[in-house]
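The values are calculated or read from the model by the stated rules, or taken from the named source; none is laboratory data. Keep in mind the model is a prediction, meaning the values are calculated, not measured. All Cβ positions, glycine included, derive from the backbone under ideal geometry; neighbour counts span all protein chains shown. Quick note on the areas: whole protein, heavy atoms, side chains included, nothing else; ligands and nucleic acids left out. Shrake-Rupley method; radii C 1.70, N 1.55, O 1.52, S 1.80 Å.
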Amino acid sequence: MLQLKGLQKKVGNFELKNINLDIHEGEYFIIVGPTGAGKTVLLELIAGMYQPDAGEIWFDNTEIGKLFPEQRNVGFVYQDYALFPHLTVKENIMFGLKVRGVGTGESKKRFNDIVSFLRIEYMLDRFPSTLSGGEKQRTALARALVTLPRILLLDEPLSALDPQIKRGFQEELRRIHEATKTTTLHITHDFAEAMTLGDRVGVLHEGKIVQVGKPADIFRRPNSYFVADFVGVENIFRGESKGRTVEIAPEIRIRTTYPKDGPVVLTLRSEDIIISREKLDSSAQNNFQGQIVEINDQRPLCRVTVDIGIEIVALVTTQTVEDFNFKLGDKVWLAFKSAAVHVL
Amino acid sequence: MGKGRVEGQNIIFISIVAVAIAFIVGFIILAISMILVRGTPNILSSVATREIQFAIKLSFSTSIISTILCILVAVPVAYGMSRLNFVGKRFATTVLDIPIALPPIVSGVALLLLFGTTSFGHALAAWGLEFVFTPLGIVLAQFFVNVPYMIKVLKSSIDDIDPRMEFVARTLGCTRLQSFVRITLPLVRNGLVAGIIITWARALGEFGAALMLAGATRLKTETLPVSLFLNMSVGDLELAMAAATILIIVSVGSLFIFEIMGGHRFEISRYGA
């Protein structure tokens, strides 16, 4: 539905280099990347604040890269919502309908629908300066959605909210998307947000989309050191691969299922590791003995760092740590399957 | 340094600052009150004279007209200088500041030469737009001297408005003009009002440029400042002080409103160089 082809743009310190992306009709697509990666510039390009330096933006079968913002029919919600401060909530929401000259009956119906769907009837006569973060967000969403945009562009919509209410608004965004089926492009620096909300995710790094896929796939199979680190894989090692074995430290060899020769990056999710007192008699092909150097309890889960010649982080339940009475300095065994090891 | 010496030095420094402030505030009040003391007792009888009435009418009408012209020109110019990027923008910025830097009397001479000696000026005069030694010249002189101030105040107000606000309005279907009229203009209302007041007050007090272009003819191009000048030179202190008092009241009043409207942010001097 939205296609970006070889998009390039330099604005100040931000640079997008050769962005290629295909977003499907009705999809909730999330672009995730660290702060300063140029995510907002990408949204502003799609919405028409800038003209691309090179490349094309297609909506279905029309190239829109040179159209004015008012000709593109996109909905835009900024991180700080950019509500019109001199207009009430109602006037903010009606704004797009008025300038587009939507008829009174149709306007009224769309307005009432969105207002009751977002449950904001109670605040229609208030001015933006009196609203909480969540109320501002719902107003900004209503203002954008009421114009029935072809695509909804969300610029870090949750990052200005308190952590306590963030979760509720994630569900709200999901609910809105399921009800309206509006194609949505949402950008964030928070991979957890992308995991929860996105149908698909694109990872933006240094002005390029470095990986696109379902969130679980990116989480399980990051295709680069950067993505692995960014999505929060705790065990990332550089090593030398020989056949199905990777040496990540002197005498520390890890078995994998990918035959490969040469330098590799190896990732291992901490929840795929089992800790025990005795060597486990299991099908796991990787067994190492080491010493506990750190226990970081974040109930109900606990991160245990074990030095086996190189430090490996294992994620176990706090219950397990208590049952086995693991303490700093204890000698323990780590076990994980070769299939849990991902080689880049 | 001992504690006593530090304390002594601080006390001396603060005392000097306090005396300096008291001196300059007192000085200004004293100077202005000299006029008010002489002008206020006779103000009613002076205002009743034909000459002062003429000066008040001419001052108010020319300053109101020139202020309206300033608004019409400054609004689009300030928008462009704030929001658009174009070739020659830095050059334009510098040029727009020239009338602010010039002594008004020099601006007046420049206008006199343009409208009095060139075929362009003669052509305009043939069309009925006679600026030299006419009230129309007063309007033009006020406009020329003041429009850069109006642009500066407005541009600074527009700069303060987040451009993303206009951009969001455009994604909602506004053209550039619509987003300017519906979003930016209402948001710069205070700046606009402050600009109008300061421009009008400056126009009312404009002397140098108008003197050169329109001259100082009694009961023809006699504005309040000109009336003050003419009556001082012939020694009619009563009328001169009345004109001065009216000018002071208008100036202080508009300065007061300007400050309420947040004008202090624009950091401009009221009477320029």
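The table for this structure:
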item	result
Among the residues listed as A:82, A:37, the single one being touching a His at 6+ places or on another chain (Cβ under 7 Å), open to solvent by less than 60 Å² (accessible area, probe 1.4 Å), hydrophobic (A, V, I, L, M, F, W, C) and outside any strand (DSSP E or B)	A:37
Only one of B:213, B:185, B:228 that is within 14 Å of chain A (Cβ to nearest Cβ) and within 24 Å of the chain's Cα centre (by Cα)	B:185
Positions within the range A:61-79 being touching an Asp or Glu at 6+ places or on another chain (Cβ under 9 Å), surrounded by fewer than 20 Cβ atoms within 10 Å (Cβ to Cβ) and within 11 Å of chain B (Cβ to nearest Cβ), in sequence order	A:79
Subset tally (residues that are of a type outside the set (Val, Ile, Thr) and within 30 Å of residue A:69 (Cα to Cα)) for the range B:175-218	13
Among (1) more than 30 Å from residue B:106 (Cα to Cα); (2) touching a helix residue (DSSP H, G or I) at 6+ places or on another chain (Cβ under 8 Å); (3) of a type in the set (A, V, I, L, M, F, W, C) - the single one residue B:147 does not satisfy	(1)
Residues of the range A:224-254 that turn out to be acidic (Asp, Glu) and in a strand (DSSP E or B), as a count	2
Candidate set: the range A:95-110, residues that are among the small types (Gly, Ala, Ser) and more than 10 Å from chain B (Cβ to nearest Cβ); chosen: the one least open to solvent (accessible area, probe 1.4 Å)	A:107
Sole residue being open to solvent by 50 Å² or more (accessible area, probe 1.4 Å) and under 24 Å from the mean Cα position of the chain (by Cα), chosen from B:25, B:87, B:17, B:75	B:25
For residue A:305: the one exception among (1) farther than 17 Å from residue A:236 by Cβ; (2) open to solvent by less than 40 Å² (accessible area, probe 1.4 Å)	(1)
Cβ pairs under 6 Å, 6+ apart, first in the range A:81-94 and more than 8 Å from chain B (Cβ to nearest Cβ), second open to solvent by 10 Å² or more (accessible area, probe 1.4 Å) and not in a helix (DSSP H, G or I)	A:88/A:125; A:88/A:127; A:89/A:124; A:89/A:126; A:90/A:124; A:92/A:83
Condition check for residue A:65: without any contact (Cβ under 8 Å) to a residue 12 or more places away in the chain and assigned to a loop (DSSP other than H, G, I, E, B)	no
Those residues of the range B:190-201 which are within 14 Å of another protein chain (Cβ to nearest Cβ) and at pLDDT below 90, in sequence order	B:190, B:191
Condition met for residue B:102 (surrounded by 17 or more Cβ atoms within 10 Å (Cβ to Cβ), among the hydrophobic types (A, V, I, L, M, F, W, C) and at pLDDT below 95)	yes
Residue in the range B:167-179 that is part of a helix (DSSP H, G or I), in the same structural domain as residue B:202 (by TED's automatic domain parsing) and touching a residue at least 24 places away in the same chain (Cβ under 8 Å) present	no
Candidate set: the range A:47-60, residues that are outside any loop (DSSP other than H, G, I, E, B) and more than 10 Å from chain B (Cβ to nearest Cβ); chosen: the one surrounded by the most Cβ atoms within 10 Å (Cβ to Cβ)	A:57
Test: residue in the range B:98-114 that is out of contact with any Lys or Arg (no Cβ under 8 Å at 6 or more places or on another chain), within 14 Å of chain A (Cβ to nearest Cβ), assigned to a helix (DSSP H, G or I) and of a type outside the set (Asp, Glu)	no
Scan of the range A:1-40 for residues that are closer than 30 Å to residue A:175 by Cβ and either in contact with a Pro (Cβ under 7 Å, 6 or more places away or on another chain) or of a type in the set (Asp, Glu) (or both), ordered by number	A:22, A:25, A:27
